[in-house]
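Reading through the structure tokens given below for one structure.
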Amino acid sequence: MSTTSTPSTFDLRPELKDRHRRMWALGDYAAVADQVIPALGRVVADATGASPGHRVLDVAAGSGNASLPAARAGADVVALDLTPELLTIGERAAADEGLAITWRQGDAESLPFQDAEFDAVMSCVGVMFAPDHQRCAEEMLRVLRPGGTLTLASWTPEGFVGQMFAAMKPYVPAPPAGFQPPPLWGTEAHVRGLLGDRVEDVHATRARLPVGAFADAGQFLDFFRARYGPTVAAYAGLAQTPDRAAALDADLLALARDHDLGGGRMEWEYLLVTARRR
Ligand SMILES: C[S@@+](CC[C@H](N)C(=O)[O-])C[C@H]1O[C@@H](n2cnc3c(N)ncnc32)[C@H](O)[C@@H]1O
């Protein structure tokens with residue numbers, strides 16, 4: 001993995017970014033990607049039109065949930081993420097399959113690439129977690145060549161993951177000034193506003209990801225308490241207040257039960273946006 005970056009990469013609120021990096025390294029996010037949402041990575045890689053000769057940037061790639069299928073389709077993929085621990089896991093998985101992906105630590109708010117370097121830019125429930133949405137949108141469009149495609153999958157505010165963040169909100173410290181709520185990226189009007197007239201052929205579709213990884217709500221809670229960075233961090237902050245931790249347990253269990261379609265099966269709603277850079 002390359003850890004070199006342009007000098008500006010970590011100028012943007014480095015303490016906040018360091019906190020985010022440490023949060024995403026908590027637990028075992030790669031297990032979430034591999035066991036819970038691998039199908040979403042394939043959806044994003046397919047919608048991107050990843051194919052041989054295509055130079056694709058995966059922003060906030062994590063352990064490569066979308067990068068790996070894009071590389072399997074023959075694309076020349078660069079996977080960028082804030083969290084080197086996740087890139088290292090992806091790098092190992094790619095090596096096991098003989099896939100040549102470039103793994104690069106960096107910040108979605110200041111991409112360490114030249115203008116118009118990529119044929120396609122994609123992000124699978126990734127860029128939505130960077131604080132400054134407008135800045136990220138401008139950066140993704142800057143590095144995309146005219147005529148190139150942008151593909152974004154983001155959890156909607158109304159869907160299961162959006163509701164999970166809403167449920168955790170009373171239990172975690174307020175976000176710092178300027179931090180925009182991630183599920184806003186799951187709102188079509190917000191994304192259209194961010195992309196503005198720099199894109200054409202914009203398509204936005206709400207879809208539901210089938211999730212069959214859990215037998216019941218309790219298994220979901222155990223898995224997310226142990227493995228999903230934001231949830232692990234929320235519970236770590238409640239270590240001295242067991243009553244509040246128990247209340248969060250109850251709220252998350254109730255949410256998971258509400259979304260249980262039978263036998264633990266769930267559907268997690270996301271917004272898929274594709275757009276072409278003018
Ligand atoms: C929910 S994970 C998604 C990872 C991957 N795209 C997937 O589909 O599994 C969110 C990712 O966003 C990354 N991230 C958060 N803030 C970021 C930033 N400012 N720049 C780049 N990556 C960031 C985290 O490190 C984490 O890997």
Legend entry - Electrostatic dipole magnitude of the chain [Cβ: Lys, Arg +1; Asp, Glu -1; Cα centre; debye, to 20]: 220
Legend entry - Degrees, to the nearest 10: 133-143 long Cα axis against longest axis of the chain: 30
Inset, instruction - Take the Cβ-Cβ distance between ARG192 and ASP243 as r, set R0 to 51 Å, and report the resulting FRET efficiency rounded to the nearest 0.05. - result: 0.75
Inset, instruction - Could you please report the charge total around GLY27, scoring K, R as +1 and D, E as -1 over all other residues with beta-carbon less than 14 angstrom from its beta-carbon? - result: 0
Legend entry - Difference of contour (0.36 nm per residue) and Cα-Cα distance, GLU15 to GLU138: 42.0 nm
Legend entry - Within the stretch 30-171: Cβ-based charge dipole about Cα centre, in debye rounded to nearest 20 (Lys, Arg +1; Asp, Glu -1): 180
Legend entry - Inter-probe distance in nm under a simple model that places probes 7 Å from Cα toward Cβ, at ALA215 and ASP251: 2.8
Inset, instruction - First check a/c for the stretch 105-144, with a ≥ b ≥ c the square roots of the eigenvalues of its C-alpha gyration tensor; if it is under 1.5, answer rounded, and if not, answer prolate when a/b is larger than b/c or oblate otherwise. - result: prolate
Legend entry - Between the stretch 188-207 and the stretch 216-277, the Cα center-to-center distance that results, in Å: 28
Legend entry - Among VAL77, GLY148, THR231 - extreme Cα towards positive end, dipole of the chain, charges at beta-carbon: GLY148
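Can you give the percent of C-alpha pairs in the stretch 152-267 whose distance is more than 25 Å? Don't skip to the answer; put the middle values down first.
Values: 2161 of 6670 pairs.
When all Cα pairs of the stretch 152-267 are counted, 32 percent exceed 25 Å.
Dividing the alpha-carbon Rg of the chain by 2.2 N^0.38 Å yields what?
Taking N as the residue count of the chain, the ratio is 0.96.
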Legend entry - Label zone at LEU261 (point 7 Å along Cα-to-Cβ), backbone N below 15 Å, the stretch 27-57: 37, 39-40
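Read-outs: derived from the displayed coordinates by stated rules, not from any lab. If you're wondering where the values come from, they're calculated on a predicted model, not measured in any experiment. No Cβ is skipped: glycine too gets one built from the backbone with ideal geometry, and neighbour counts run over all protein chains shown.
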